[in-house]
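Coordinate-derived values only; no laboratory data. Remember, predicted model here, so these are calculated numbers, not experimental data. All Cβ positions, glycine included, derive from the backbone under ideal geometry; neighbour counts span all protein chains shown.
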């Protein structure tokens, strides 16, 4: 009888531990966002504030909600994972009280998609490769776009893209 | 003086013990060696796992079968093995995958149960080396994106093409505990639980990890352990009988009635 008790206690322990699931919540992976910082067009190492900065996504003439900016010199934007091109309306307004004076520029980012399987809980996340940015050339306040890191694989605080104005 | 008193006590205990064993051997020896013989059946036992086909009937997303067999080597030791095939489709939160493949396990079972005369039951512990060959198919998936700015509440779909990972293999070691009881003559019902320890890395360096391995069961992130079980129905085919070698008389033998003296 002792042996039966022993075997059953071992079985109970096995079943008990098999119920533990540590991989139900995704915490260790994410689809990264791109960090854009605004620099002075005359001094490429100087951050320059954008007066009443306002960034919105745009897709097929549909304008998306305002993306909350980190500061007036930095913004983190999400790239589309269901297409290889993402456009943003980046607005500055030198006289914030008057909405008619807003300068709106459209910036387009093209890239390649690279799906990555991370874990049971997270599944697949998207990484972006060969990112290229193009800005407007007519009537523009954004003078130049420089992509510093063409591949975006994890959420980071380093600058991915510099925008000069 | 007290010291010596205790010593005297010990001396008496010793004498008592010596007297006891002497009388035991006198009585026990003739019975053990000549009258009682344990003729035990030896042979091969084979059958199927009941849990896998039943799970297959209940759940659409699973089908599987497992054949089991063991061959008796001596009084306690058996060579044991399993062979099976499993196909399982699993819907996770954002993706759906199918694992399909075959596996084999080979090892030993050690019976720890001392059967009464005529009994053939067992409570056993065992060990296996197991090997599986399988394919993983990602049927559909969505991209995990904590922000979902572009999609509102939905996660956007991944690419349409089905991702298939063929020709994968895994091997693991398995510890087994279980019981087998004789239901009718030569028909056994058994249950066993298993802990597997993966020897390979579950393809964690590829773009789709092994989340399920046939025979091994669920693979947990960051762990090499897995658990499984089976309910077996087996038939014992007796091949020959062998007398159990008489055990050396141990001092543990039951004390005999005093009337003999």
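Let me know the Rg and Dmax you get for the range B:35-242 when you use only its Cα atoms, in Å.
Cα radius of gyration and Dmax of the range B:35-242 are 21.3, 87 Å respectively.
Multiply the residue gap between residue B:235 and residue B:201 by 0.36 nm, knock off their C-alpha separation, and tell me the result in nm, one decimal place. Could you put the intermediate results ahead of the total?
Working: separation 34, 0.36 × 34 = 12.24 nm, distance 3.69 nm.
Residue separation times 0.36 nm, minus the Cα-Cα distance, leaves 8.5 nm.
Using a Förster distance of 51 Å, how high is the FRET efficiency between residue B:148 and residue B:242, based on the Cβ-Cβ distance and rounded to 0.05?
Values: r = 70 Å, r/R0 = 1.38.
It comes out at approximately 0.15.
Using the per-residue mean of other Cβ atoms lying within 10 Å as a proxy for protection, in what order, highest first, do the peptides B:132-142, A:24-34 fall?
On the way: B:132-142: 18.7, A:24-34: 16.9.
Sorting B:132-142, A:24-34 by mean packing, highest first, produces B:132-142, A:24-34.
How many partner chain Cβ atoms sit within 10 Å of a residue's Cβ in peptide B:200-212, on average, as a whole number? Intermediate results must be reported in sequence, preceding the final value.
Working: counts 0, 0, 0, 1, 2, 0, 1, 6, 3, 4, 0, 4, 0.
Rounded to a whole number, the mean comes out at 2.
In peptide B:228-235, what is the residue-averaged number of other protein chain Cβ atoms found within 10 Å of each Cβ? Let's see the in-between values first.
On the way: counts 2, 4, 0, 0, 0, 0, 0, 0.
Taking the mean over all residues of the peptide, I get 1.
Provide the FRET efficiency to the nearest 0.05 for the residue A:56-residue B:171 pair, computing r from the beta carbons and using R0 = 51 Å.
Values: r = 54 Å, r/R0 = 1.06.
Once rounded, the FRET efficiency stands at 0.40.
Using 0.36 nm per residue, how much length does the chain from residue A:44 to residue A:95 gain when fully extended, once their Cα-Cα distance is taken away? Walk me through the numbers before you get to the answer.
Working: separation 51, 0.36 × 51 = 18.36 nm, distance 2.48 nm.
Using 0.36 nm per residue and subtracting the Cα-Cα distance, I get 15.9 nm.
So for the range A:13-133, considering every pair of alpha-carbon atoms, how many percent are separated by more than 19 Å? Before the final figure, lay out the partial values.
Working: 4432 of 7260 pairs.
Across the range A:13-133, Cα pairs with separations above 19 Å total 61 percent.
Could you tell me how many degrees, from 0 to 90 and to the nearest 10, lie between the Cα long axis of helix A:2-18 and the main elongation axis, the longest principal axis, of the Cα atoms of chain A?
Computed tilt is about 10 degrees.
Under the definition of partner shielding as Cβ atoms of other protein chains within 10 Å of a residue Cβ, what is the mean value for peptide B:218-224?
4
At residue B:83 and residue A:114, where each label point lies 7 Å from the Cα along Cα→Cβ, what is the point-to-point distance in nanometres?
Computed distance between label sites residue B:83 and residue A:114 equals 4.4 nm.
Given labels modelled 7 Å from the Cα in the Cβ direction, how far is it in nm from residue A:156 to residue B:60?
Output for this residue pair reads 4.5 nm.
Taking R0 as 30 Å, what's the FRET efficiency between residue A:102 and residue B:159 from their Cβ-Cβ distance, rounded to 0.05? Write out the running numbers ahead of the final one.
Numbers: r = 38 Å, r/R0 = 1.27.
In this case the efficiency is close to 0.20.
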